[in-house]
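The values are calculated or read from the model by the stated rules, or taken from the named source; none is laboratory data. This is a predicted model, so every value here is computed, not measured. When we count neighbours, we look across all protein chains shown, and the Cβ atoms used for this are built from the backbone with ideal geometry, even at glycine.
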Amino acid sequence: MAQFKTHLAGWVIAGAGVSALGIFTYELNLIQACAIFVIGSVGGLLPDLDSDSGKPLVLVFELISVLIPTLLFINFIRQEWTSPEFLICYFTFSYLFINYVVCAAIKRLTVHRGIMHSVPFALFCGGIGYLFFASSGKEIATIAGLGVLAGCLVHLVLDELSSLTLKFGFIPWLKKSSGMALKLKSNSLATNLLIYSLIIIVAIKIVFVS
Ligand SMILES: [Zn+2]
């Protein structure tokens, strides 16, 4: 696993890169570019959802516990559920549910460097990123999806690079952990069926919302 600081730099570069792409191709305004930067950087954290401890895991759960309820809140605005009482209950319980219940379930169900460290998981996260931003229009949703995908892929590449070592001080050599991050499938057939089915479901949903 790459160092936390290396990952941090990778997320920021991925977020900033996709954000700049959005500014030049779709003329995003400052708020939109900033949102894409955040979402791209969070994408870089997502593969480490499968680690059982450490700074990245704490940070990723803190962030998604705030970001997911915020992104879903637009549905409640449409229903005009915006009273202070509703807001307090909605944000408090969403935060507690994601940060504690979902976090505990993910810790229990995943293994480190399992399917969450893989290209299909990155594609799935990119698709979810698109869907979260679908209400802002196709262009922003595309950039958001690309931002999450790029963040995840940068994370996987950094993990792969960290599995290289130098033999005799100068010959690049693969460690045992090599090939465990940038992979297309896990060893479990059920997990592979699940992740590829989820990708298909997300892809169908993207076609319907577009
Ligand atoms: Zn990792």
(request) Taking the options Phe132, Phe91, Phe97, Phe121, name whichever one is surrounded by 15 or more Cβ atoms within 10 Å (Cβ to Cβ), among the hydrophobic types (A, V, I, L, M, F, W, C) and free of Cβ contacts under 8 Å to residues at least 40 places away in the same chain. (result) Phe91
(request) Determine, yes or no, whether Ile106 is closer than 15 Å to Asp48 by Cα, among the aliphatic types (A, V, I, L, M) and not in a helix (DSSP H, G or I). (result) no
(message) For segment 1-51, which positions are among the hydroxyl-bearing types (Ser, Thr, Tyr), within 15 Å of the ligand (Cβ to nearest atom) and either part of a helix (DSSP H, G or I) or modelled with pLDDT of 90 or more (or both)?
(response) Thr6, Ser41
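Being closer than 28 Å to Ile143 by Cβ and out of contact with any strand residue (DSSP E or B) (no Cβ under 7 Å at 6 or more places or on another chain) narrows it down to one of Val111, Val102, so name that one. Outline the logic, then answer.
Working: Val111 fails: closer than 28 Å to Ile143 by Cβ.
The unique qualifying residue is Val102.
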(request) Check Thr25 against each of (1) surrounded by fewer than 19 Cβ atoms within 10 Å (Cβ to Cβ); (2) of a type in the set (Val, Ile, Thr); (3) within 23 Å of Asp159 (Cα to Cα) and name the one condition it does not meet. (result) (3)
(request) Only residues that are over 19 Å from the mean Cα position of the chain (by Cα) and either closer than 18 Å to Arg108 by Cα or aliphatic (A, V, I, L, M) (or both): list them for segment 40-92, please. (result) Ile74, Ile77, Leu87, Ile88
(message) When you check Lys138 against the structure, is it of a type in the set (Lys, Arg) and either at pLDDT below 90 or within 16 Å of Ile64 (Cα to Cα) (or both), yes or no?
(response) no
(request) Give segment 100-116 a look and list any residue that's among the charged types (D, E, K, R) and surrounded by 15 or more Cβ atoms within 10 Å (Cβ to Cβ), or say none. (result) Lys107, Arg113
(request) Filter segment 135-162 down to the residues that are surrounded by fewer than 17 Cβ atoms within 10 Å (Cβ to Cβ) and within 16 Å of the ligand (Cβ to nearest atom), then identify the one that is farthest from Leu182 (Cα to Cα). (result) Leu161
